[in-house]
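Accompanying notes for the structure given below.
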Amino acid sequence: MLDPKLLRNDLQNCAERLARRGYTLDTALFEKLESQRKQLQVDTQQLQSERNAKSKAIGQAKAKGEDAAEFFAAVSALGDRLKANEEKLVQVQRELNDLLMSLPNLLHESVPDGRDEEDNLEIRRWGEPRKFDFEVRDHVDLGEATGLLDFETAVKITGSRFAVMSGGIARLHRALIQFMLDLHSQEHGYTETCVPYIVNADSLRGTGQLPKFEDDLFKLRHEHDLYLIPTAEVPVTNIVRDVIVDHNDMPRKFVCHTPCFRSEAGSYGKDTRGMIRQHQFEKVEMVQIVRPQDSYAALEELTAHAEEVLKRLQLPYRVVTLCAGDVGFSSAKTYDLEVWLPGQQAYREISSCSNFEDFQARRMKARWRNPDTAKPELVHTVNGSGLAIGRTLVAVLENYQNEDGSIMVPEVLKSYMDSRRSIQ
RNA sequence: GGAGAGAUGGCUGAGCGGUUGAAAGCACUGGUCUUGAAAACCAGCAUGGGUUUAUAGCCCAUCCAGGGUUCGAAUCCCUGUCUCUCCGCCA
């Protein structure tokens with residue numbers, strides 16, 4: 001959520017900054033609701049103040065044993081007006097809050113202009129795509145060749161956009177999870193965390209998936225509003241919801257492996273082949289809770305942590321800064337890591353690292369006590385995938401393939417794979 | 001699933017329907033004392049919002065959440081959520 005005070009004091013500027021994203025802020029509506037709110041709130045509080053004063057006088061009169069009858073009528077008369085005012089105020093505040101909750105974050109000034117992913121800015125590349133002296137296969141063909149990746153059976157069990165892995169590929173999949181958790185927890189200073197995969201609506205509002213993106217979620221049939229998590233970001237970041245974090249504990253750094261569930265509504269016909277876009281996939285996520293002044297350094301650090309995974313796996317990748325039109329709803333700035341996929345002859349997203357500044361923190365009331373002011377202030381939240389397991393698996397299969405369809409095991413994974421050298 | 005008990009400030013924990021935003025303790029901050037520290041003593045110390053140039057004042061709200069009773073609710077009533085104890089079931 002944006003700072004309501006900023007919107008009130010500098011509405012035009014906010015509207016211009018939101019326009020960079022392609023978002024049109026209805027300034028007239030905001031101003032109308034805001035002026036109504038102001039009038040109603042001032043009036044209501046004035047009436048409350050009168051009521052309090054008179055009720056207090058009754059109490060004092062009674063304490064002295066005096067007759068308080070004369071006050072009674074005066075206070076009763078206030079009652080109806082007060083109630084009517086309060087009801088209107090609540091209504092306007094609700095409308096204002098709905099509007100506020102639907103506004104995306106303001107972008108950091110370093111975010112490049114642009115409309116969509118075509119305009120994203122590549123900032124660096126690492127690794128040379130391997131030259132193959134045979135015709136490369138994509139991961140679907142490789143999975144078929146080894147018989148260890150089965151989409152048809154998954155369709156029978158559940159439906160489209162699921163996969164069944166077995167044998168060496170299932171093992172490789174698990175090895176990737178272990179490797180990433182170990183790297184981030186042992187070398188990058190993150191606390192390994194295990195969280196619920198089902199969350200309530202408050203948590204989803206906190207990180208920004210609700211109220212706008214309910215269609216992207218799997219909602220459970222249950223007496224309460226519960227959802228499968230679309231990313232570990234939701235449960236992990238909400239650890240600090242309604243919490244005042246001790247400044248000595250900052251930054252808090254969490255690494256967490258979870259499955260992720262996404263309905264992929266609106267991506268019909270997109271990436272229908274293979275494991276790139278599934279309703280269920282595993283991900284290792286990094287989340288940092290930091291002081292505001294540290295959040296951009298944290299974003300660089302966390303992005304480097306994600307890159308380190310690709311470097312150790314010897315997978316070529318590039319880093320792009322998302323342009324204004326492509327940055328997600330809650331983010332102020334996002335770097336995407338894109339891994340080289342020989343089967344597609346393209347770089348494909350494998351990690352997304354974002355600084356949300358105080359946008360999520362304001363929704364979550366996640367704060368820290370600033371020792372300089374002694375006041376609770378909003379934290380900044382930063383997170384990123386480190387990495388998406390399914391897509392990393394795809395990248396390993398395609399980059400490490402042999403002519404006979406077997407797969408070499410990356411050096412860093414051998415210790416997680418009983419020293420196996422290849423999968424076939 | 002059944003039966004009880006409970007939810008109060010950063011934490012622990014008092015609180016006959018009427019100056020209670022809330023005792024006390026801990027923690028924290030400042031001060032006195034001390035060569036320094038500790039101890040002791042003194043003082044301060046909730047959050048959100050409105051108004052405002054203002055982190056000054058003034059005002060409003062907040063004792064799990066939402067309703068209700070009342071001139072007035074932390075305190076009474078209803079509903080929900082969560083926690084704890086016992087029983088049942090269970091990986």
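The values are calculated or read from the model by the stated rules, or taken from the named source; none is laboratory data. Quick caveat, the model's predicted, so the values are computed rather than measured. Here the Cβ positions follow ideal geometry from the backbone for every residue, glycine too, while neighbour counts run over all protein chains shown.
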>> Looking at region A:39-67 only, could you name the residues that are within 7 Å of RNA strand B (Cβ to nearest atom), among the hydrophobic types (A, V, I, L, M, F, W, C) and over 44 Å from the mean Cα position of the chain (by Cα)?
In response: A:Ala53, A:Ile58, A:Ala63
> Looking only at region A:246-271, which residues are out of contact with any Leu (no Cβ under 8 Å at 6 or more places or on another chain), farther than 23 Å from A:Thr303 by Cα and among the aromatic types (Phe, Trp, Tyr)?
Replying inline: A:Tyr268
>> Could you check region A:68-82 and list, in sequence order, the residues that are touching a helix residue (DSSP H, G or I) at 6+ places or on another chain (Cβ under 8 Å) and away from RNA strand B (no atom under 11 Å from the Cβ)?
In response: A:Arg81
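Residues checked against (1) among the acidic types (Asp, Glu); (2) more than 15 Å from RNA strand B (Cβ to nearest atom); (3) over 11 Å from the mean Cα position of the chain (by Cα):
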residue	(1), (2), (3)
A:Ala201	no, no, yes
A:Gln209	no, yes, no
A:Lys212	no, yes, yes
A:Phe218	no, yes, yes
A:Glu223	yes, no, yes
A:Val243	no, no, yes
>> Within region A:300-308, does at least one residue satisfy the condition of being assigned to a strand (DSSP E or B) and in contact (Cβ under 8 Å) with a residue 60 or more places away in the chain?
In response: no
> Do any strands (runs of 3 or more DSSP E) lying entirely in region A:364-424 carry at least 1 residues that are small (Gly, Ala, Ser) and within 25 Å of A:Leu210 (Cβ to Cβ), and which ones are they?
Replying inline: A:380-388
>> Here is a list: A:Asn85, A:Asn105. Which entry is surrounded by 13 or more Cβ atoms within 10 Å (Cβ to Cβ), touching a residue at least 60 places away in the same chain (Cβ under 8 Å) and either of a type in the set (S, T, N, Q) or within 9 Å of RNA strand B (Cβ to nearest atom) (or both)?
In response: A:Asn105
>> Residue under question is A:Glu31, and the condition is that it be part of a helix (DSSP H, G or I), loosely packed, with under 14 Cβ neighbours inside 10 Å and at pLDDT 90 or above; does it hold?
In response: yes
> Counting just the residues of region A:108-151 that are aromatic (Phe, Trp, Tyr) and surrounded by 13 or more Cβ atoms within 10 Å (Cβ to Cβ), which one comes out nearest to A:Glu338 (Cα to Cα)?
Replying inline: A:Trp126
> Would it be correct to say that A:Asp418 is within 30 Å of A:Ala145 (Cβ to Cβ) and modelled with pLDDT under 95?
Replying inline: yes
> Hey, among A:Ala366, A:Ala332, A:Ala324, which residue is within 16 Å of RNA strand B (Cβ to nearest atom) and not hydroxyl-bearing (Ser, Thr, Tyr)?
Replying inline: A:Ala366
> Looking at (1) out of contact with any Lys or Arg (no Cβ under 9 Å at 6 or more places or on another chain); (2) assigned to a strand (DSSP E or B), can you tell me which one A:Tyr227 breaks?
Replying inline: (1)
> Quick one: would you say A:Cys323 is in a strand (DSSP E or B), surrounded by 19 or more Cβ atoms within 10 Å (Cβ to Cβ) and touching a residue at least 12 places away in the same chain (Cβ under 8 Å)?
Replying inline: no
>> What are the pairs with Cβ atoms under 6 angstrom where one residue, in region A:213-224, is touching a residue at least 40 places away in the same chain (Cβ under 8 Å) and the other, located anywhere, is within 16 Å of RNA strand B (Cβ to nearest atom)? Sequence gap at least six, or different chains.
In response: A:Leu217/A:Tyr227
>> Whether any residue in region A:201-210 is closer than 30 Å to A:Ala366 by Cβ, exposed (fewer than 15 other Cβ atoms within 10 Å of the Cβ) and not small (Gly, Ala, Ser) is what I want to check.
In response: yes
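Matching residues to (1) touching a residue at least 60 places away in the same chain (Cβ under 8 Å); (2) touching a helix residue (DSSP H, G or I) at 6+ places or on another chain (Cβ under 6 Å); (3) among the hydrophobic types (A, V, I, L, M, F, W, C):
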{"residue": "A:Arg252", "(1), (2), (3)": "yes, no, no"}
{"residue": "A:Ala265", "(1), (2), (3)": "no, yes, yes"}
{"residue": "A:Tyr268", "(1), (2), (3)": "no, no, no"}
{"residue": "A:Asp271", "(1), (2), (3)": "no, no, no"}
{"residue": "A:Met275", "(1), (2), (3)": "yes, yes, yes"}
{"residue": "A:His279", "(1), (2), (3)": "yes, no, no"}
{"residue": "A:Val284", "(1), (2), (3)": "yes, yes, yes"}
{"residue": "A:Val290", "(1), (2), (3)": "yes, yes, yes"}
